[in-house]
Structures are given as C-alpha cells and as structure tokens.
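S.K.: Dropping a structure here in structure tokens format, bear with me for questions.
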Amino acid sequence: MGLFDALAKQAVGSLLGGRGQPADLLSSLFQEAGGLTGLMERFERAGLEEVFASWVSQGENKPLGAAQMEQALGADAISGLAGRLGLDSGMLKPLMSQFLPQVIDRLTPEGRIDQAFPSADQLQGVLADVMKSGLGGLFGGRS
C-alpha cells in the first residue's frame, strides 16, 4: 500500500470511527432502510436499480454520485447518519457514494442477497476488509 493509500485509509477510519462504532452506524442504516432488500428497493424507487444491482453482482461496480446517494437514501437519512458521525451531510454524501458500493459488494460475494440484515460481526469484517484494501478499493470495482 502506498503512502497516499495509508494516509487516506487513516483519514476515512478516523471519520468513520470518530463517534460510535462504524459497524453500528452501518447496521443502523440497514435497519432504517429495511435491510439490504429494503435498501435495494430504495435505489429501485430512485431509478437506480441497475447501479445497486451492479454492486450485488459479481461484475464491475457502477459508480454513484453524491446527489444520487441522497436521491436513493433521502436527505433525512443522510442528515441523521451525518449527525451521528459528527459530520456535515455535504461531506458525508460523497464519502458514502464511494463507500457503500464496496460494502454492498462485499456483503454479496455470491452475486445475490443471502441475508437482508447482516450481523454486527459480518459488518465489522466487511468494514475491516474495505479499510484493509485501502482507498484504491473504494474507488474501483472488486479488489
């Protein structure tokens, strides 16, 4: 891992770990959305079903913009999560638009949603895996 990746990994880890446990915050997002299937339905209602499906599939992940993230999750959900993290929602949206695809991707390694509500241990493992891979994995497809 290069110096930039190491610094970026540390910065993202600090942001996510600043308040509360990152896995707890992610679990909260899934709970509020109705699990992975509920999250998928939100993306479908926002017209982003192909984007979400690419994260679940075993192929390349399609990118998601910050505005699309807000469109799918809703401004209230993003504001609530930002508040729990101690961040401005304008700062959280681009981070989430890069971070969430990788989390969904790693929660669905077989190309399908097997478990709507991942356990805290699963979420912790996925977060550790994403962080271990460095930010290069956050901005690309499967690593």
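S.K.: Take the residues in the range 86-102 that are of a type in the set (A, V, I, L, M, F, W, C) and within 16 Å of Leu26 (Cβ to Cβ); name whichever of them is modelled with the lowest pLDDT.
M.R.: Looking at residues that are of a type in the set (A, V, I, L, M, F, W, C) and within 16 Å of Leu26 (Cβ to Cβ), I get Leu87.
S.K.: Go through the range 55-78 and report how many residues are touching a residue at least 40 places away in the same chain (Cβ under 8 Å) and either of a type in the set (Phe, Trp, Tyr) or in a helix (DSSP H, G or I) (or both).
M.R.: Number satisfying all stated conditions: 4.
S.K.: Quick one: Asp105 ticks every box in (1) under 18 Å from Met131 (Cβ atoms); (2) at pLDDT 90 or above; (3) not in a helix (DSSP H, G or I) bar one, so which box is it?
M.R.: (3)
S.K.: Hey, among Leu64, Leu138, which residue is in contact with a helix residue (DSSP H, G or I) (Cβ under 6 Å, 6 or more places away or on another chain), at pLDDT 85 or above, over 18 Å from Ser27 (Cβ atoms) and of a type in the set (A, V, I, L, M)?
M.R.: Result: Leu64 is the single residue among Leu64, Leu138 that is in contact with a helix residue (DSSP H, G or I) (Cβ under 6 Å, 6 or more places away or on another chain), at pLDDT 85 or above, over 18 Å from Ser27 (Cβ atoms) and of a type in the set (A, V, I, L, M).
The values are calculated or read from the model by the stated rules, or taken from the named source; none is laboratory data. If you're wondering where the values come from, they're calculated on a predicted model, not measured in any experiment. Cβ atoms come from the backbone with ideal geometry, glycine included; neighbour counts cover every protein chain shown.
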